[in-house]
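Visitor: The structure under discussion is supplied below as structure tokens; questions concerning it will follow.
No value in this document is a laboratory result; all are computed from the given coordinates. All values derive from a computational prediction rather than experimental measurement. Note: ideal-geometry Cβ built from the backbone for every residue, glycine included; neighbour counts use all protein chains shown.
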Amino acid sequence: MLEFFKTPTLVESKPEFVKHLNKASNKYINEARKKEKEYIKKYDDFGKSYHSTALTRDEDFAPFRDYVGQKSWQFLNNMGYDMSLYTTIFTEMWVQEFAKKGGGHHAAHVHWNQHISGFYFLKCSENTSYPIFHDPRNGARMTKLKLKPQLNESIEYGSEHVRFKVEPGMLIIFPGYVEHEFVVDQGIDPFRFVHFNIQAIPKEVCKF
């Protein structure tokens, strides 16, 4: 059997960033909670997701940013793209934490005009939310057949989505066209992660 149009995903354990980035993230998460203080007081925080402001210029995140930037360039290069023609830049990077009372989640989505998306998990466990990746091939999704019952939870050629259990220190890099979501968190353990998006800019454009 031949294989065509495979979707690469880089998964790597990098626990050495966890302690430092958790500490650097605390001020952002605390600030995000403060902004929702009145809402939390009135309704509790069920269903909330606390987002930081942009982290792309925060020097506390610089070593992590440099590492991920290089890994993302290599990822695109390994996909066969002529990266000698492009410069990669972070367009977005933020940290977020789901509500203590549970209910935090993200519906399926992609980030517009990005070539790389990714996550780095800071706080999570087998009891927390986790990402689901969806088949990016629209034609395949329109013509799906039912999988064999015993294969519903495995990864097959016909799988419509992939559930991904995570742990602290796990880095995931994937093409920006891959739709992703986070399942509803139960509020049992803390769930915090860094999310980033990267764009490849033609070097010719950068000259102007």
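Visitor: First select every other residue whose beta carbon is under 12 angstrom from the beta carbon of Met142; then total the charges, Lys and Arg +1, Asp and Glu -1.
Guide: So the environment of Met142 carries a net charge of +1.
Visitor: Among His105, Cys124, Gly47, whose Cα lies farthest out toward the positive end of the dipole of the chain, if unit charges sit on the beta carbon of Lys, Arg (+1) and Asp, Glu (-1)?
Guide: Looking along the dipole axis, the top candidate is Gly47.
Visitor: Let me ask something additional. Filter the trypsin sites (Lys or Arg not before Pro) in region 34-63 down to the DSSP loop ones having no more than 12 other Cβ atoms within 10 Å, then list what survives.
Guide: On the way: sites: Lys34, Lys35, Lys37, Lys41, Lys42, Lys48, Arg57; in loops: Lys48, Arg57.
The qualifying sites are Arg57.
Visitor: Based on the alpha-carbon gyration tensor of the chain and its eigenvalue square roots a ≥ b ≥ c, which shape applies: rounded if a/c is under 1.5, prolate if not and a/b is larger than b/c, or oblate?
Guide: Oblate shape, in that a/c is at least 1.5 and b/c is the bigger or equal ratio.
Visitor: Whole Å is fine, so just give me how far the alpha carbon centre of region 34-50 lies from that of region 70-87.
Guide: 41 Å
Visitor: Residues with amide H under 5 Å of Met170's amide H, sequence separation 5 or more or different chain, H placed in the peptide plane at 1.01 Å from N; which?
Guide: Hits under the 5 Å cutoff: Lys14, Phe121.
Visitor: If packing is taken as the average number of other Cβ atoms within 10 Å across a peptide's residues, how do 168-175, 123-130 rank, most packed first?
Guide: Working: 168-175: 19.4, 123-130: 17.5.
Put in order of decreasing packing, that is 168-175, 123-130.
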